[in-house]
Amino acid sequence: MTKSIRQYLLNRISVGVAVIAIAIPMLPVPLFSQAFYGSIVGTVTDPSSAALRGARITLTNVGTDERRQAQTDTEGNYQFLNLVPGTYRVEVEQTGFKRSTRDQIQVTVASAVRADISMQLGELTQTVEVQATAALLQTENANLSQVVETRTVQELPVNGRNLLNLVAIVPGVVPQGSTEGNALTGKNVFAAGNYQIGGGVANQSATYFDGVPANAGVGNLTVLVPSPDAVAEFRVQTNSNSAEYGRYAGGVVNVASKSGTNEFHGSLYEFLRNRVLNANNFFANANGTPKPAFTQNQFGVTAGGPVKKDKLFFFGAYEGYRQRQGYTYLATVPLPAMYTGDFSGYRNASGAVIPIYDPLTQCGQYSNPACGTSTIQRSQFPGNVIPASRINPVAAKIVAFPIFAQPNQPGQPFTNNVNYSKNASTGGDNDQYNGRFDWTVTQKIRAFGRYTRWSSANTPFIPFNNGIYGGDPFSPETFVTNQAVTGVTYLISPTTVLDIRASYGRWDYLRVQPFTGISLSKTFGFPAYMDQQLPIIHGIANETSVPQFTFNSNYGALAGQPGYVNSKIFSIDDDYVLTPSLSIVKGRHTLKFGADWRDMQNDYYQATGGGTFTFDNLFTSQNALSAGATGNAFASLLLGYGASGNELSFGLPWQSLNYQGYYAQDTFQATTKLTLTLGVRWEIPGVYKERFNRTSVFNPHEINPALKNILVNGQPVMG
């Protein structure tokens, strides 16, 4: 194997070497990383604080009446693993002692809660019940984390009820752009996960919903933000996570959905915001533009309860979101006379005319006299007017389309800057459905399942009333997220728990473009080959559209079409996940072994259907090398002189990535004051494979097609 191939393989296979985390708790407690499950641990002692061996422990889920039993070990310790977040009761029985009960034990997501019991001498028929106690010490391993509980999720006022906005209340989390407000609708698709956690890279953290990823395989996008009313709680782990977690560079967000109980519960709600108490934009006030419209409705319903008491439970939730908002768009558009080439009214702030120069009078070119020492290199158009005969026919069709609107207000003195104002509508709709069941099959087998569908569509923003969309994030886009997850927990014995979880997630994303299938030759006068060749370049028929026109001086923000908004993007992401784990309690050791297998499939396509064209004022400036305060980008367009242009089209045909992660960890109670968490994780990132072999990648397990007939030491060349 060559050195380069060895190095490549080392880069592609990451091995998590033994990680040792040290926790020195106030009380000795075995600690676990249970993904979305929690744990209860404790020690049973007699009145002299000596350990009670063989005491019978019964654990009951107060909401579902699910029960488990265990016995204390030689040191009086007991442990219950893989507990669904909720409220529990611990009952202890031992001959010669009164029955003791510890009630209202709150188990949160991915937590280990200690519940120590001190027994009192007496008969089993007597009961000591502890109800009102100080908060139990929740001891965790060396990772830094914070749980955001049910009350916080439901009651804190969050704009748009974006659950992930609450991540920002955790120390070590820094929100980046577009994370505030409603998740994703009307935003860039990277917004939902755009948090830096624990000093990591934004959008590279891991988000789990009921223990399975809410991130898509492409770009690690967070494509599912659960409705707050469907969530019990969540935990943010910022640093020093155990070997159980992988494929992230930052932190871990663990979200647990609500489940049904033996009692029926439901809710009906609506949140309304409107413009009554809103202030107007300062510049809109100055220009006499009225306060923009704003209405936001979020409404929903939840219901949960038993299908069969103590055995089968359900929980369902629906939430709808509707927003319509007026966006005050202020811009500078060309004066009407400029469309005919008349720039006599094109002035600076002092009222002086800004000269427009003829690029064909460049000294030393086109049979013009050689340039002297003067900075004057070109001649100004007489009267600062471009002759009608010099206006490019393609440019005439472009401006007549039109790509701008006419001025609708005076603008600033002399310059006429900010001479256009419009309150255009923006907003969007989204709907989310959540359904979950929990089934206590037997005392040893528990199963659950959940299905979530989240759909979103934002309305187009058309500031110039010409059918051309405005800027990001106002281009119309839609997405639909579907996720189904099921899990089974099998109590092989009181000290051995097997958990298997499987999920399927699909994310369909579409960013549409205006005027799809437009004839570039008939509409704008471009060469006919653009109609013929661009769809071939894109690989999809009828993919032409209005080009993107950018003016990098004078009218830089006017085209209303940022680089990729006028392009079509679609992406389909299918992710299949299987995560088995086995937990074993052996004396002072809590061992956990598991795997993380993911098949991530993606199809991605993006193209600017008509190309991009950039115009500047250099072609119509006094000096060809330095425009200074002369020339005009719109005048350069009229003459047909573009600064640059390109056609971007790329696609990633249907490809898949098979990720594998394997881990083993040991939570070891070394002494009464020292707990060690040791773990090792082996990750194989995988190699991209295209379904129909249409892409080239480096795969160390494939024979090199260029060297398939060559043997080295009798072996084919791989890679």
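The values are calculated or read from the model by the stated rules, or taken from the named source; none is laboratory data. In this text, all values refer to a predicted model and were calculated from it rather than measured experimentally. When we count neighbours, we look across all protein chains shown, and the Cβ atoms used for this are built from the backbone with ideal geometry, even at glycine. Ligands, DNA and RNA are stripped out before the accessible areas are found, and what is left, the full protein with its side chains, is counted by its heavy atoms. Shrake-Rupley method; radii C 1.70, N 1.55, O 1.52, S 1.80 Å.
Some points to look at:
- Linear extension gain, PHE264 paired with LEU510, 0.36 nm per residue minus alpha-carbon span: 84.6 nm
- Available extension along the chain between GLU180 and ILE703 is 183.4 nm, counting 0.36 nm per residue and deducting the alpha carbon span.
- Between the beta carbons of ASN188 and ASN658, assuming R0 = 45 Å, the FRET efficiency works out to 0.95 to the nearest 0.05.
- Ranked order, THR295, THR222 - accessible area, probe 1.4 Å, largest first: THR295, THR222
- Summary value for the chain: 12 percent relative contact order, contacts being C-alpha pairs under 8 angstrom separated by 6+ residues.
- Spatial offset of segment 631-710 relative to segment 370-403 amounts to 48 Å, using the alpha carbon center of each.
- Calculated translational diffusion coefficient of segment 212-290 (4 °C, 1.567 mPa s; Stokes-Einstein with Kirkwood radius over alpha-carbon pairs) equals 74 µm²/s.
- Inter-site label distance for ILE169 and PHE282 at 7 Å from Cα along Cβ, in nm: 3.2 nm
- Against the chain, whose longest principal axis is taken from its Cα atoms, helix 3-12 shows a tilt of about 70°.
- Fully extended contour minus Cα-Cα distance, from PHE414 to THR375, at 0.36 nm per residue: 11.4 nm
- Segment 214-256 - Rg over Rh from alpha carbon coordinates, Kirkwood radius: 0.98
- For the chain: accessible area per residue (Å², 1.4 Å): 44 Å²
- Hypothetical label at ARG275: residues of segment 412-436 whose amide nitrogen lies under 11 Å (7 Å Cα-Cβ projection): 423-426
- Considering only chymotrypsin sites (Phe, Trp or Tyr not before Pro) in DSSP loops that have at most 13 other Cβ atoms within 10 Å, the longest stretch of the chain without any of them is 367-691.
- Point-charge dipole on Cβ atoms (K/R +1, D/E -1) for segment 313-462, about Cα centre, debye to 20: 540 debye
- Computed from label points 7 Å out along Cα-Cβ, the spacing between CYS363 and GLN120 is 10.7 nm.
- For LYS258, the lysines whose Cα falls under 27 Å of its own Cα, not counting residues fewer than eight places away in the same chain, are LYS308, LYS309, LYS311, LYS444, LYS592.
- Restricting the calculation to Cα atoms, segment 590-719 shows an Rg/Rh of 1.34 when the hydrodynamic-style radius is the Kirkwood one.
- Residue-wise HN-Hα couplings along segment 171-176, as the Karplus relation 6.51 cos²θ - 1.76 cosθ + 1.60 with θ = phi - 60° gives them from phi, are x, x, 10, 10, x, 9 Hz; Gly and Pro carry x.
- Computed over the chain, the per-residue total of -39500 (n - 2.57) for DSSP H runs of n ≥ 4 gives a 222 nm mean residue ellipticity of -2000 deg cm²/dmol, rounded to 500.
- Using the Cβ-Cβ distance between PHE692 and GLN533 with R0 set to 25 Å, the FRET efficiency from 1/(1 + (r/R0)^6) comes to roughly 0.60.
- Size of charge dipole - the chain - debye, nearest 20, with Cβ of Lys, Arg +1 and Asp, Glu -1, no other charges: 360 debye
- The alpha carbons of segment 437-514 occupy a box of 69, 18, 14 Å along the principal axes, longest dimension given first.
- Spin-label model distance (nm) - VAL201 vs ALA400, 7 Å beyond Cα toward Cβ: 5.0 nm
- Debye log10 I(q)/I(0) at q = 0.15, 0.22, 0.26, 0.30 Å⁻¹ for segment 320-364, Cα point scatterers: -0.63, -0.93, -1.04, -1.11
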